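Working notes, structure below.
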Amino acid sequence: MARVASLGAGGVVTKSIGLEPRSGHPNPCIVESQHGLINAMGLPNPGMEDYSEEISEALDAGVPVMASIFADKPEDFSRLAKMAKDAGAHALELNLSCPHAKGLGLEIGQDPRLAGMIVQSVKGAGLPVFPKISPHVNNLEEMARTFEDAGADGIVAINTLRALAIDVDLRAPILGNIRGGLSGPSVKPVGVRMIYDLHRLTKLPLIGVGGISCGRDALEYIMAGASLVQVGTTAWQRGPGACGEIACELGKELERLGYSSVQDAVGAAHWLEDERGQG
């Protein structure tokens, strides 16, 4: 994380951390598809107590560190939030959307009542809270309203899409967990659509994720309504310098189009629908 920050990322987000060590799913955990990756990691992590040391090292890079946390009940989310704050994290991302971890992630994030309780439970830690949601959420408007009412400081969208790859010679799924989640360029239109819709449903700040590989991709998310963007698969494919490269490209795109800042471009693509609505 510190290396990514030193090469130009404006901040870093940890991998998702739980209370206890977790080994994750059996190998193989990742398979490359034509336009991205399908992974079924299964939320492997050393537990928050040990991971605190990694957060401390990331903080040395001098950029904001957002801790991604997961659990299966609100009280455990609350404990994790306090531990993350003690470790020095600047903000919390709530993993309510992992599509391949039984009893966690998406299985929790599909229930607005439970999701709202989780947001409320972590607010007591005193850090900004950003639930990360799935493209498979049943009722986006209801979920956005739930997060607003619960006191969320923003929303992150999207997590990976449910996916599966088959080895035709073996006549069997490739991933050890069989089912996984798709990330990379192929999911970008889905993520942009979700940020666009959320921008029209809520005043909460939005963080766009999914398939960003260049400055123009980032600008699509921003014009759809995102104030920040995250890069994952591209950094894995091209190395930790990818984030800084994308930030540079984004700056050039903004200058070319006459924007003085990212904030000036947030939601810029909504004029057409606004105009049609007024007509």
Filter region 64-77 down to residues that are in contact with a helix residue (DSSP H, G or I) (Cβ under 6 Å, 6 or more places away or on another chain) and buried (at least 19 other Cβ atoms within 10 Å of the Cβ) and give me whichever is farthest from Met41 (Cα to Cα). Val65
Of residues in region 15-69 being hydroxyl-bearing (Ser, Thr, Tyr) and in contact with a Ser or Thr (Cβ under 9 Å, 6 or more places away or on another chain), the one nearest to Pro185 (Cα to Cα): Ser33
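Applying the selection to region 145-162, what residues are surrounded by fewer than 19 Cβ atoms within 10 Å (Cβ to Cβ) and out of contact with any His (no Cβ under 9 Å at 6 or more places or on another chain)?
Pass one, region 145-162, residues surrounded by fewer than 19 Cβ atoms within 10 Å (Cβ to Cβ): 145, 148-149, 151, 153, 162.
Of everything in region 145-162, those that are surrounded by fewer than 19 Cβ atoms within 10 Å (Cβ to Cβ) and out of contact with any His (no Cβ under 9 Å at 6 or more places or on another chain) turn out to be Arg145, Glu148, Asp149, Gly151, Asp153.
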Between Thr234, Thr202, which is surrounded by 20 or more Cβ atoms within 10 Å (Cβ to Cβ), β-branched (Val, Ile, Thr) and within 30 Å of Ser23 (Cβ to Cβ)? Thr234
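Looking only at region 156-187, count how many residues are touching a helix residue (DSSP H, G or I) at 6+ places or on another chain (Cβ under 6 Å) and among the β-branched types (Val, Ile, Thr). I'd like the intermediate steps shown before the answer.
If we filter region 156-187 for residues that are touching a helix residue (DSSP H, G or I) at 6+ places or on another chain (Cβ under 6 Å), which is where we start, we get 157-158, 161, 183-184.
Keeping just the survivors that are among the β-branched types (Val, Ile, Thr) gives 158.
Of the residues in region 156-187, 1 are touching a helix residue (DSSP H, G or I) at 6+ places or on another chain (Cβ under 6 Å) and among the β-branched types (Val, Ile, Thr).
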For region 177-194, give me each residue that is free of Cβ contacts under 8 Å to residues at least 40 places away in the same chain and among the charged types (D, E, K, R). Lys188, Arg193
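Taking the condition of being acidic (Asp, Glu) and either in contact with a helix residue (DSSP H, G or I) (Cβ under 6 Å, 6 or more places away or on another chain) or more than 20 Å from Lys123 (Cβ to Cβ) (or both), how many residues in region 144-155 meet it?
The initial filter retains those residues of region 144-155 that are acidic (Asp, Glu), namely 148-149, 153.
Now drop any that are not either in contact with a helix residue (DSSP H, G or I) (Cβ under 6 Å, 6 or more places away or on another chain) or more than 20 Å from Lys123 (Cβ to Cβ) (or both), which leaves none.
Qualifying residue count, region 144-155: 0.
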Looking at region 163-176, can you tell me whether even one residue there is charged (D, E, K, R), in contact (Cβ under 8 Å) with a residue 12 or more places away in the chain and surrounded by fewer than 21 Cβ atoms within 10 Å (Cβ to Cβ)? no
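Answer yes if at least one residue in region 87-106 is in a helix (DSSP H, G or I), within 21 Å of Val129 (Cα to Cα) and at pLDDT below 95, and no otherwise.
Here is the first cut: in region 87-106, the ones in a helix (DSSP H, G or I) are 87, 106.
Next, from what is left, pick out any that are within 21 Å of Val129 (Cα to Cα): 87, 106.
The next check asks that each one be at pLDDT below 95; those that pass are 106.
For region 87-106, residues in a helix (DSSP H, G or I), within 21 Å of Val129 (Cα to Cα) and at pLDDT below 95: present.
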Any residue in region 25-50 that is modelled with pLDDT of 95 or more sitting within a Cβ distance under 7 Å of a residue that is loosely packed, with under 15 Cβ neighbours inside 10 Å and among the acidic types (Asp, Glu)? List the pairs, counting only those 6 or more apart or interchain. Gly47/Glu20
Search region 151-175 for residues being of a type in the set (A, V, I, L, M, F, W, C) and within 19 Å of the chain's Cα centre (by Cα), and hand back the single one that is farthest from Pro205 (Cα to Cα). Ala163
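Go through region 161-183 and give me each residue that's within 15 Å of Cys29 (Cα to Cα) and not in a strand (DSSP E or B).
Leu164, Ala165, Ile174, Leu175, Gly176, Asn177, Ile178, Arg179
The values are calculated or read from the model by the stated rules, or taken from the named source; none is laboratory data. This is a predicted model, so every value here is computed, not measured. Heads up, the Cβs are rebuilt from the backbone with ideal geometry, glycines too, and the neighbour counts pull from every protein chain shown.
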